[in-house]
Amino acid sequence: KPSDDRLMDLMKAEYRLFRLVERQICLPEVCRLFKDIDDFLKTAATLMNRRKSRAGRSMENHVEYLLKDAKIPFDVRPQIDGEPDIVIPGKAAYDDPKFPTDKLFVVGVKTTCKDRWRQVTQEAPRIEWKHLITIQEGVSAKQLKQMHQHKVTLVVPQRLHSRYPQVKGARLMDMEAFIRTIRKTLT
């Protein structure tokens, strides 16, 4: 099964499990009588923040799994400029001034891009072009153009590509193409 489908399937399965556990843990808190509107909103905000945090970490775990399965060397959240999510082939290569920069990859992993894609541009300045893996279901043409201008390539599962606009010069990669590119570059 292609890595794109595997990533989407892993995210979907993990979310189903999370919701089962969440219901068991949070149901008593949700079913209690709220003191007031603020109490209700605080409880809802706590639940939503937990979901967002879980989704982001879950996606990072699934991307790590796919990279390991593809036998791609990498380090997660290495202590380098800006603390990128993933550096390929790793921190040691990044820190070695003799290691060719065209064989280094910095990868952000975000469930959604919003304006957080900009933080990827600030990470690992030694690497000119950055990659951002996301499962966001589309961005605007303006945002995609801005990403391209800031040298960020989006990596999006193939089944979501139709939800993205065509922007001259900007291209989307899928997970399979991303993995092939890394393998080809590192050999």
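Quick grid of which residues meet (1) open to solvent by 40 Å² or more (accessible area, probe 1.4 Å); (2) modelled with pLDDT under 95; (3) touching a Gly at 6+ places or on another chain (Cβ under 9 Å); (4) farther than 15 Å from S3 by Cβ:
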| site | (1), (2), (3), (4) |
| --- | --- |
| A92 | yes, no, no, yes |
| F105 | no, no, no, yes |
| P125 | yes, yes, yes, yes |
| K142 | yes, yes, no, yes |
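Looking for something touching a Gly at 6+ places or on another chain (Cβ under 6 Å), open to solvent by 40 Å² or more (accessible area, probe 1.4 Å) and either without any contact (Cβ under 8 Å) to a residue 60 or more places away in the chain or of a type in the set (S, T, N, Q) (or both) - is there at least one such residue anywhere in the stretch 61-81?
Scanning the stretch 61-81, I find at least one residue that is touching a Gly at 6+ places or on another chain (Cβ under 6 Å), open to solvent by 40 Å² or more (accessible area, probe 1.4 Å) and either without any contact (Cβ under 8 Å) to a residue 60 or more places away in the chain or of a type in the set (S, T, N, Q) (or both), so the answer is yes.
Pick from I179, I135: which is under 16 Å from the mean Cα position of the chain (by Cα) and at pLDDT 95 or above?
Of the residues listed, the single one that is under 16 Å from the mean Cα position of the chain (by Cα) and at pLDDT 95 or above is I179.
Are there any pairs with C-beta distances below 8 angstrom linking a residue in the stretch 12-23 that is without any contact (Cβ under 8 Å) to a residue 40 or more places away in the chain to a residue that is assigned to a helix (DSSP H, G or I), with the two at least 6 apart or on different chains, and if so which?
E22/L47; E22/R50; E22/R51
Only one residue in A13, A45 is at pLDDT 85 or above, under 24 Å from K114 (Cβ atoms), among the small types (G, A, S) and exposed (fewer than 15 other Cβ atoms within 10 Å of the Cβ), so which one is that?
None of the other options fit; the residue is A45.
Every residue in the stretch 144-169 that is over 29 Å from G90 (Cβ atoms) and either basic (K, R) or exposed (fewer than 13 other Cβ atoms within 10 Å of the Cβ) (or both), please.
K145, R159, S162, R163, Q166, K168, G169
The values are calculated or read from the model by the stated rules, or taken from the named source; none is laboratory data. These numbers come from a predicted model, not from an experiment. Cβ coordinates were reconstructed from backbone atoms using ideal geometry, including for glycine residues, and neighbour counts include every protein chain displayed. The accessibility values were calculated without ligands, DNA or RNA, using every heavy atom of the protein model including side chains. Shrake-Rupley method; radii C 1.70, N 1.55, O 1.52, S 1.80 Å.
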